[in-house]
Amino acid sequence: QFATRVVSCQAAELRPEGGGEPLRGFQVVLEDTILFPEGGGQPDDRGLIGDVPVLRVTRRGSEAVHFVEAPLEPGAEVLLSLDWDRRFDHMQQHSGQHLITAIAEQMFGFKTTSWELGRQRSVIELDTPSMTTEQIETLERSVNQKIRERVPVTVRELAADDPEIETVRSRGLPDDHVGPVRVVDITGVDSNMCCGTHVSNLSDLQVIKLLGTEKAKRNKTNLVFLAGNRVLKSLEQSHNIEKALTSLLKTGPGEHAEAVKKLQSSVKLLQKNNLNLLRDLAVLIAQDFKSKAAQSQLFVLHRKEGDSEFMNIIANEVGTEETLLFLTVGDEKEAGLFLLAGPVEAVENLGPRVAELLGGKGAGKRGRFQGKATKMSRRGEVQALLQEFISQRSPEI
């Protein structure tokens, strides 16, 4: 916690990170703050000003701007409270990034060009087209050895014209930077220009896990990692998944992969058999319709199980020169598929209207109009429309 004073409070809007309507609120500037504004690859802190939640902290020149939904009186004394769990997580990930970056450059000459502290995992972009499995394993062993050595992490400030700045690793200062330059040192390992929050000793990182690499832009490589408590959370999640799979598959963890392969093979075989049965059923349905002495000009069929091929087989077998077919598959109360087939002129006229009634979209050609529907419960209205059309159409059609 930290006691400070409100300097200014202005009405403003905040666009949510996930999109949506902007939030109306206020931008608050304090005399000083313990809430870190987003920057340097690190997300912002969260916390409270009094009992008012801080939803975003951004940097505006040398000021930290706090977004809140309730106004605060300029000049008022307030107590800031920091969301420590979020802060400590960011400290672990950011110090972990410094350590990985330094060791990767020392061991392999891979320079870091950018990094991102994500909600679930963090990513370091390395200036190399690839990393071998052996390099990843060696790097992981080396960074965890430094954690076990309990290496101190310290912060110092240098004057902007201090020649020592030239010896410090940096990707450059912001254009609007003023004042001293902040340097984060991992004793004997790294000196890095940085504005972020860090642990005071590498032992606070607990452990680092490198999850592997992904292709990045411009012939670079993304190295994915977890540090500290995120490793424990990931392990707990994996263990819970393992227990659930053991219960479902009735096999030990070492046999999960083989059990899933067998299930996949069984599912493929069942799908193939089901498809063949649906095809046979489609032919039988069509033949039954054609065998009737007095064939109706309208053939309507709905089936919960089926697909586009099932409906098209029926249409092919029945023939659409004289008969208008309205076929649907899917759950009665949910979404599904539809097919309208018949004389070309009739289908061209009715197809878009059928799609509109079913709350769906479709396309057609050569006497067939098919697509997806979101309102299968309105099939009765479609049938009434088709029946009315047939009763009114001329003998030529």
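The values are calculated or read from the model by the stated rules, or taken from the named source; none is laboratory data. This one's a predicted model, so the numbers in the text were calculated from it and none came from an experiment. Backbone-built Cβ (ideal geometry, glycine too); neighbour counts: all protein chains shown. We work out accessible area using only protein heavy atoms, side chains counted, and drop any ligands, DNA or RNA first. Shrake-Rupley method; radii C 1.70, N 1.55, O 1.52, S 1.80 Å.
Key figures for this structure:
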quantity: Cβ-Cβ under 8 Å pairs, at least 6 apart or on other chains, region 56-78 side in contact (Cβ under 8 Å) with a residue 12 or more places away in the chain, far side assigned to a strand (DSSP E or B) and charged (D, E, K, R); calculated: V65/R59; H66/R56; F67/R56; E69/R24; G75/R5; A76/R5; E77/R5; V78/R5
quantity: Region 323-359: number of residues that are within 21 Å of L284 (Cβ to Cβ) and at pLDDT below 90; calculated: 1
quantity: Strands (runs of 3 or more DSSP E) wholly inside region 93-165 that include at least 2 residues being open to solvent by 50 Å² or more (accessible area, probe 1.4 Å) and without any contact (Cβ under 8 Å) to a residue 40 or more places away in the chain; calculated: 153-158
quantity: The listed residue being in contact with a Gly (Cβ under 8 Å, 6 or more places away or on another chain), among the hydrophobic types (A, V, I, L, M, F, W, C) and open to solvent by 40 Å² or more (accessible area, probe 1.4 Å), out of A384, A363; calculated: A363
quantity: Only one of K268, K209, K261, K217 that is in contact with a strand residue (DSSP E or B) (Cβ under 7 Å, 6 or more places away or on another chain), open to solvent by 80 Å² or more (accessible area, probe 1.4 Å) and not acidic (D, E); calculated: K209
quantity: Scope region 255-302; condition among the aliphatic types (A, V, I, L, M), farther than 20 Å from V329 by Cα and not in a helix (DSSP H, G or I); matching residues; calculated: A293, A294
quantity: Residue in region 244-256 that is farthest from L301 (Cα to Cα), counting only those that are under 29 Å from the mean Cα position of the chain (by Cα) and surrounded by 11 or more Cβ atoms within 10 Å (Cβ to Cβ); calculated: P253
quantity: Residue list for region 166-178, restricted to those being within 21 Å of I100 (Cα to Cα) and either surrounded by 12 or more Cβ atoms within 10 Å (Cβ to Cβ) or touching a residue at least 40 places away in the same chain (Cβ under 8 Å) (or both); calculated: V168, R169, S170, R171
quantity: Which listed residue is modelled with pLDDT of 90 or more and surrounded by fewer than 16 Cβ atoms within 10 Å (Cβ to Cβ), from D280, D288; calculated: D280
quantity: Scope region 31-46; condition at positive phi and either open to solvent by 30 Å² or more (accessible area, probe 1.4 Å) or touching a Phe, Trp or Tyr at 6+ places or on another chain (Cβ under 9 Å) (or both); matching residues; calculated: G40, G41
quantity: Among the residues listed as A373, A384, the single one being within 18 Å of T323 (Cα to Cα) and assigned by the TED database to the domain that holds L327; calculated: A384
quantity: E332 vs. criteria in contact (Cβ under 8 Å) with a residue 40 or more places away in the chain, in the same structural domain as Q370 (by the TED database), open to solvent by less than 90 Å² (accessible area, probe 1.4 Å) and among the charged types (D, E, K, R); calculated: yes
quantity: Flag for T197 being hydroxyl-bearing (S, T, Y), surrounded by 11 or more Cβ atoms within 10 Å (Cβ to Cβ) and touching a residue at least 40 places away in the same chain (Cβ under 8 Å); calculated: yes
quantity: Test: residue in region 179-189 that is open to solvent by 80 Å² or more (accessible area, probe 1.4 Å), in contact with a strand residue (DSSP E or B) (Cβ under 7 Å, 6 or more places away or on another chain), closer than 22 Å to F36 by Cα and modelled with pLDDT of 90 or more; calculated: no
quantity: Residues of region 291-320 that turn out to be of a type in the set (G, A, S) and open to solvent by 40 Å² or more (accessible area, probe 1.4 Å), as a count; calculated: 5
quantity: When residues of region 220-243 are limited to those that are without any contact (Cβ under 8 Å) to a residue 60 or more places away in the chain and among the aliphatic types (A, V, I, L, M), the one least open to solvent (accessible area, probe 1.4 Å); calculated: V231
quantity: Test: residue in region 83-91 that is assigned by the TED database to the domain that holds V178, buried (at least 21 other Cβ atoms within 10 Å of the Cβ) and either in contact with a helix residue (DSSP H, G or I) (Cβ under 8 Å, 6 or more places away or on another chain) or modelled with pLDDT under 95 (or both); calculated: yes
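Condition check ((1) at pLDDT 90 or above; (2) out of contact with any Ser or Thr (no Cβ under 7 Å at 6 or more places or on another chain); (3) outside the structural domain of S377 (by the TED database)) across all residues:
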| position | (1), (2), (3) |
| --- | --- |
| G254 | yes, yes, yes |
| K262 | yes, yes, yes |
| K292 | no, yes, no |
| Q297 | no, no, no |
| F310 | yes, yes, no |
